[in-house]
């Protein structure tokens with residue numbers, strides 16, 4: 001059964017991921033740059049859980065998602081994205097919408113590549129040419145506005 005980490009956010013921190021194997025903690029900041037904290041295989045996940053507990057004491061809440069996106073009949077994903085990774089438009093009831101992508105969401109990774117390392121042209125090319133498209137997404141605020149760039153994100157993912 002996967003280990004689920006609740007996702008929290010303040011003006012400084014917000015979180016991401018669910019994983020079957022907890023051996024690292026990825027901390028995203030600014031526009032998707034990240035730091036990964038690894039624990040040795042001999043260590044128990046208690047060390048990472050302690051860090052998560054401490055982060056939870058100073059944060060509120062939002063959940064970030066990893067999504068697999070499918071193409072429609074003409075090969076399109078059904079959304080538009082700005083150079084900073086903010087989704088500006090999602091085709092209503094299209095495949096991206098059905099996967100959970102919404103206007104105002106922020107892409108932080110596309111096919112395991114950090115959006116912060118890509119130009120807009122590279123981002124669009126990766127989205128257009130990848131056979132399987134997976135994205136890590138920071139969802140918008142409940143009112144649909146994009147979360148601020150100065151937030152941090154933390155979450156577990158397997159090494």
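Note on residue 49 and residue 68: their simple-model spin labels are 2.9 nm apart, each label 7 Å out from Cα toward Cβ.
Using just the C-alpha positions of segment 65-138 as equal point scatterers, what log10 of I(q)/I(0) does the Debye formula give at each q in 0.16, 0.18, 0.22 1/Å? Relative scattering, expressed as log10 I(q)/I(0), comes to -0.46, -0.60, -0.93.
Bear in mind that the values in this text are calculations on the coordinates, not laboratory data. None of these values were measured; they are calculated from a predicted model. Glycine also receives a Cβ, built like all others from the backbone with ideal geometry; neighbour counts cover every protein chain displayed.
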